[in-house]
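Enquirer: Quick one: this structure, given as structure tokens, is what I'll be asking you about.
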Number of protein chains: 2
Amino acid sequence: MAVEALSSYLLKADDASFHDQVYDALAEALTEGVFAPGQSVSLRTLASGLNVSPMPVREAVRRLIAEKALELQPSNKRLRVPSLSEDRLHQLAKARSWVEPELAAIAAIKATPELVDTLKEEDDTLMVALSKGDVEGYMKANHAFHFHIYKAAHADLFYDMARTLWLQTGPFMRVVFNKLGTVQLPRDHHQELIGAFAARDADTARKAMAEDIAEGMDLMVEAVRA
Amino acid sequence: MAVEALSSYLLKADDASFHDQVYDALAEALTEGVFAPGQSVSLRTLASGLNVSPMPVREAVRRLIAEKALELQPSNKRLRVPSLSEDRLHQLAKARSWVEPELAAIAAIKATPELVDTLKEEDDTLMVALSKGDVEGYMKANHAFHFHIYKAAHADLFYDMARTLWLQTGPFMRVVFNKLGTVQLPRDHHQELIGAFAARDADTARKAMAEDIAEGMDLMVEAVRA
DNA sequence: CCAGATGATGTGTGATCACAATTGCCGGTC
DNA sequence: GACCGGCAATTGTGATCACACATCATCTGG
């Protein structure tokens, strides 16, 4: 994977420290599947790719390791992107199937018309990407759709759990979606979700989100098995 | 809190890197409530308390921040132990009430006679501590009891979620228990759990664990509210 | 006697150097 | 041509230094 392209993920925010910026950049890159599962990376390579010294990268990476978005190979002590086992995928699916519906339910209660509008927009851009076969655009829009909801729940701990879970799911999501193509991508239950938020119906939101995730993860389990 | 006493938490394991040892030491100290909520700490202080340079402490602390066991004050950018809000406590309670019963259910299916024996022993030492009014002993034994179960589930992701949640619950658990004294400490549902593991009954294990946690967390919510 | 300025101390952050271990490459041997 | 030994480059880790900023104490001026 082109490490040189990493610098484009660095957004200028002078108030934030370097390692925070580096963390954000790497987190986004991982979530969007820039890195392949099993790919090995190195502090110095990342550092030069991001035009910073290895120091802030070390701290950002340490955090990503804590979140299991990266790992140190036990033998080498060398850095790499985790390759996903079917067992771990199942655990991720289970965890996501609990956390994210929960967030959806909380958000539904607190839902505002503004949120509903935003979600409609995000869903539109998602549909456009879907029809154009744009995998990257689909992933970005889908990510945005979900996390606008989660953010609206104002439940920091759950939000962060969801963020971490996506961080771990990201690297091979890309692989799976590239293999499948957008044709087979699920239509999701986004309309159902939007309706639930408009009606502030927590139960429907929870159920719709649960099904949305279950379908998506089933797709990945199938793809990984092959 | 006496930072000098920190070195006793450092267990000699030459194969592990310094920052791992430092992390383990700080994690255990946090789980056992050595640090008070809201207490501010510093890299150099911790480093000298652990007889290492600030470098490995930085990485260990970075990881603990990622796990929300420590935090950087937004104003100062200074390090401190998070003080717990009632809202966050509720989220912790909800998360624990899902993850840990789940782990108990998985562990029950895989339970061995050895596990049951170990749990019986742990419960005995817990009862002894309880009768002696030994808060610290109670907390250690309770921790050991729960995590022997979770370990037996062999579900890394869930195990780590539980570990992180305890890390966050630790600092003020001590405060609450000190305030309450061992007299009011819940008898727990440990016997029920042991029975479920002996019978490899997942549903009973899940239910018993759920009640165990619910009661414990209710106690803390009450104490925090006061 | 007290308030506000000023210095000293402590803080997190980042860069750089040193080091042991591992990896990868290149040339030589069988 | 395949295999193996040895050297160079790369890796993560830890220590140390420099810096900007916040905090706290002290001192000065009113």
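Enquirer: Which condition from (1) within 16 Å of DNA strand D (Cβ to nearest atom); (2) crowded, with 19+ Cβ neighbours inside 10 Å is the one that A:Ser48 breaks?
Expert: (2)
Enquirer: Let me ask you something else. From the list B:Leu115, B:Leu157, pick out the single residue that is away from chain A (no Cβ under 14 Å), assigned to a helix (DSSP H, G or I), in contact with a helix residue (DSSP H, G or I) (Cβ under 6 Å, 6 or more places away or on another chain) and more than 25 Å from B:Asp87 (Cβ to Cβ). Can you show your working first?
Expert: Working: B:Leu157 fails: away from chain A (no Cβ under 14 Å).
Being away from chain A (no Cβ under 14 Å), assigned to a helix (DSSP H, G or I), in contact with a helix residue (DSSP H, G or I) (Cβ under 6 Å, 6 or more places away or on another chain) and more than 25 Å from B:Asp87 (Cβ to Cβ) holds for just one of B:Leu115, B:Leu157, which is B:Leu115.
Listed here are the residues, each with its yes/no results for (1) closer than 23 Å to B:Ala95 by Cβ; (2) surrounded by fewer than 17 Cβ atoms within 10 Å (Cβ to Cβ); (3) modelled with pLDDT of 90 or more.
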residue: A:Ala153; (1), (2), (3): yes, no, yes
residue: A:Gly170; (1), (2), (3): yes, no, no
residue: A:Leu185; (1), (2), (3): no, no, no
residue: A:Asp188; (1), (2), (3): no, no, no
residue: A:Ala202; (1), (2), (3): yes, no, yes
residue: A:Met209; (1), (2), (3): yes, no, yes
residue: A:Ala214; (1), (2), (3): yes, yes, yes
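Enquirer: For the stretch A:70-83, give me each residue that is outside any loop (DSSP other than H, G, I, E, B) and either more than 16 Å from DNA strand C (Cβ to nearest atom) or free of Cβ contacts under 8 Å to residues at least 40 places away in the same chain (or both).
Expert: From the stretch A:70-83, those outside any loop (DSSP other than H, G, I, E, B) are A:71-72, A:79-80; that's our starting set.
A:Glu71, A:Leu72, A:Leu79, listed by residue number.
Enquirer: Which one of B:Ala69, B:Ala36, B:Ala60 is outside the structural domain of B:Val135 (by TED's automatic domain parsing), more than 21 Å from B:Phe147 (Cα to Cα) and crowded, with 20+ Cβ neighbours inside 10 Å? Before the answer, list the steps.
Expert: Working: B:Ala69 fails: more than 21 Å from B:Phe147 (Cα to Cα); B:Ala36 fails: crowded, with 20+ Cβ neighbours inside 10 Å.
That would be B:Ala60, the only listed residue that is outside the structural domain of B:Val135 (by TED's automatic domain parsing), more than 21 Å from B:Phe147 (Cα to Cα) and crowded, with 20+ Cβ neighbours inside 10 Å.
Enquirer: Among the residues of the stretch B:29-69, write down those that are within 14 Å of DNA strand C (Cβ to nearest atom) and of a type in the set (Lys, Arg).
Expert: Across the stretch B:29-69, the qualifying residues are B:Arg44, B:Arg58, B:Arg62, B:Arg63.
Enquirer: Return the residues of the stretch B:4-28 that are at pLDDT below 90 and either of a type in the set (Gly, Ala, Ser) or within 16 Å of DNA strand C (Cβ to nearest atom) (or both); say none if nothing qualifies.
Expert: Those that are at pLDDT below 90 and either of a type in the set (Gly, Ala, Ser) or within 16 Å of DNA strand C (Cβ to nearest atom) (or both): B:Glu4, B:Ala5, B:Leu6, B:Ser7, B:Ser8, B:Ala13, B:Asp14, B:Asp15, B:Ala16.
Enquirer: Considering only the stretch A:127-154, how many residues are within 14 Å of chain B (Cβ to nearest Cβ) and either touching a strand residue (DSSP E or B) at 6+ places or on another chain (Cβ under 8 Å) or within 27 Å of A:Asn178 (Cα to Cα) (or both)? Working first, answer last.
Expert: Filtering the stretch A:127-154 down to residues within 14 Å of chain B (Cβ to nearest Cβ) leaves A:150, A:153-154.
Filter once more, keeping what is either touching a strand residue (DSSP E or B) at 6+ places or on another chain (Cβ under 8 Å) or within 27 Å of A:Asn178 (Cα to Cα) (or both): A:150.
Selection size over the stretch A:127-154: 1.
Enquirer: Does A:Tyr150 satisfy the condition of being in contact with a helix residue (DSSP H, G or I) (Cβ under 7 Å, 6 or more places away or on another chain), under 20 Å from A:Trp98 (Cβ atoms) and without any contact (Cβ under 8 Å) to a residue 60 or more places away in the chain? First the steps, then the outcome.
Expert: Values: in contact with a helix residue (DSSP H, G or I) (Cβ under 7 Å, 6 or more places away or on another chain): yes; under 20 Å from A:Trp98 (Cβ atoms): yes; without any contact (Cβ under 8 Å) to a residue 60 or more places away in the chain: yes.
Against the criterion (in contact with a helix residue (DSSP H, G or I) (Cβ under 7 Å, 6 or more places away or on another chain), under 20 Å from A:Trp98 (Cβ atoms) and without any contact (Cβ under 8 Å) to a residue 60 or more places away in the chain), A:Tyr150 qualifies.
The values are calculated or read from the model by the stated rules, or taken from the named source; none is laboratory data. Because the structure is a prediction, the values reported are computed rather than measured. Glycine also receives a Cβ, built like all others from the backbone with ideal geometry; neighbour counts cover every protein chain displayed.
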